[in-house]
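Following: one structure in structure tokens, then a few remarks.
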Amino acid sequence: MDGVVADFGLAIKTLSLEKINEDISSIEDDILRGELIDRFCEEHNYIFSIVPPIEGAIEAVTKLQKKYDVYFLSTPMWGVPQSFTDKRLWIDKYFGISSEKRLILTHRKDLNIGEYLIDDRLKNGAGEFKGEHIHFGTEKYPNWDSVLNYLLAQ
């Protein structure tokens, strides 16, 4: 969800916290970077309620729903219990009835069954997913147009 249909990075920038943006971009170590983001989200536990959609995501997913049985997999933040509810409300807000009961909150995406997983990361089981992992935001799939073109041609 975050980084694929929801623009989590833009939500951080929207809060106008230049210091956090500088700190995050200057850290090369993924663990330290993750800890900084975790602390930031714990202090701003409402962040998942203000995340805007990624450009083209809503339209692309709506088109994919006509051809595929689409589910949303997302990893909530254990330190931010509000993230569980806010992610569900976000799906309702942007996808409505077409996505009712299609949100799966998990830290092990590889335990889910499907043909494709569109994810921007390899963590939380995405890299071990048994179907095809469409690595969103990479050179091959930089945006929703590229993902949509690929999946509609299948």
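The values are calculated or read from the model by the stated rules, or taken from the named source; none is laboratory data. If you're wondering where the values come from, they're calculated on a predicted model, not measured in any experiment. Neighbour counts are summed over all protein chains in view; Cβ atoms, including those assigned to glycine, are modelled from backbone coordinates with ideal geometry.
Here are a few things to note about the model shown:
- Qualifying residue in the stretch 15-25 (condition: surrounded by 15 or more Cβ atoms within 10 Å (Cβ to Cβ), at pLDDT 90 or above and assigned to a helix (DSSP H, G or I)): no
- Enumeration of residues in the stretch 82-105 that are closer than 21 Å to residue 56 by Cα and among the polar types (S, T, N, Q): 98, 99
- Test result for residue 80, surrounded by 13 or more Cβ atoms within 10 Å (Cβ to Cβ), of a type in the set (Val, Ile, Thr) and touching a Cys at 6+ places or on another chain (Cβ under 6 Å): yes
- Of residues in the stretch 118-132 being crowded, with 18+ Cβ neighbours inside 10 Å and in contact with a Leu (Cβ under 7 Å, 6 or more places away or on another chain), the one farthest from residue 3 (Cα to Cα): 129
- Applying the criterion of being surrounded by 13 or more Cβ atoms within 10 Å (Cβ to Cβ) and within 10 Å of residue 71 (Cα to Cα) to the residues of the stretch 88-106, the residue that is modelled with the lowest pLDDT is 99.
- Leading residue by the ranking (modelled with the lowest pLDDT) among those in the stretch 46-71 that are under 24 Å from residue 142 (Cβ atoms) and surrounded by 20 or more Cβ atoms within 10 Å (Cβ to Cβ): 51
- Failed item, numbered, when residue 96 is tested on (1) assigned to a helix (DSSP H, G or I); (2) under 22 Å from residue 9 (Cα atoms): (2)
- The set of residues in the stretch 83-105 that are within 15 Å of the chain's Cα centre (by Cα) and farther than 19 Å from residue 7 by Cα contains only 102.
- The sole residue among 117, 122, 148, 89 that is of a type in the set (A, V, I, L, M, F, W, C) and assigned to a strand (DSSP E or B) is 117.
- Residue within the stretch 57-76 that is without any contact (Cβ under 8 Å) to a residue 40 or more places away in the chain and touching a strand residue (DSSP E or B) at 6+ places or on another chain (Cβ under 9 Å) present: yes
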